[in-house]
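Novice: Dropping a structure here in structure tokens format, bear with me for questions.
Only the coordinates and a few stated rules stand behind these numbers; no lab work does. Just so it is clear, the structure is predicted and the values come from calculations on it, not from any experiment. Neighbour counts run over all protein chains shown; Cβ positions are idealised from the backbone, glycine included.
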Amino acid sequence: MSSNPELNRTVGNQIRLMRQSRTITREMLAEQLGVSARFLADVEDGKVGISLATLNRLCQATGYSADYYLGLTRESYNTQPSELIHKIKQIPSPYLPYLNGIMEEYLKTIQHKQ
């Protein structure tokens, strides 16, 4: 656990931003991480730090990188496609052909540039 108050505030703020952007309750995330909702509230408020094991579970559960939570990058996604898959699953099936077309055009564009 970190004893650095500034780092604790950064991590806590990033966790809160992630939760709010995905409309996940504190209780839901706490359950996924194996911690209490009260502890998670204290983390989000920057009162306490989290262990490396909890940070690892957080990254795996959310698909966000540790660099994002530590405030080292604005990019929230790690190299795994779990967040993309999560978003795609939320798209109503009638719209999937449109997304497929967009992805095909994007892939053609980046392959052409290589």
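Novice: For the chain, modelled as a Gaussian network with Cα springs under 10 Å, which listed residue fluctuates most, Gly46, Gly34, Gly12?
Specialist: Gly34
Novice: Still on this structure, I have one more. Pick out which of Leu55, Leu29, Leu99 has the largest mean-square fluctuation in a Gaussian network model of the chain, springs linking Cα atoms closer than 10 Å.
Specialist: Comparing Leu55, Leu29, Leu99 in a Gaussian network model of the chain, the most mobile one is Leu99.
Novice: While we're on this one: Helix-only estimate, please: 222 nm mean residue ellipticity of the chain, summing -39500 (n - 2.57) across DSSP H runs of length 4 or more and dividing by its residues, to the nearest 500.
Specialist: So the calculated ellipticity at 222 nm is -19500 deg cm²/dmol.
Novice: So how far apart, in nm, are the two label points at Thr109 and Tyr95 if each is 7 Å from Cα heading toward Cβ?
Specialist: 1.9
Novice: Relative contact order for the chain: what percent, with Cα pairs under 8 Å and sequence separation of 6 or more?
Specialist: 25
Novice: Then there is this: With a point put 7 Å past each Cα toward its Cβ, work out how far Thr23 is from Ala66 in nm, to one decimal.
Specialist: Using points 7 Å along Cα→Cβ, the separation is 3.2 nm.
Novice: In square nanometres and to one decimal, what's the mean projected area of the convex hull around the Cα atoms of the chain?
Specialist: Result: a mean projected hull area of 8.5 nm².
Novice: So which residue, out of Arg26, Arg74, Arg16, gets the largest mean-square fluctuation from a GNM of the chain using Cα contacts under 10 Å as springs?
Specialist: Fluctuation is largest for Arg74.
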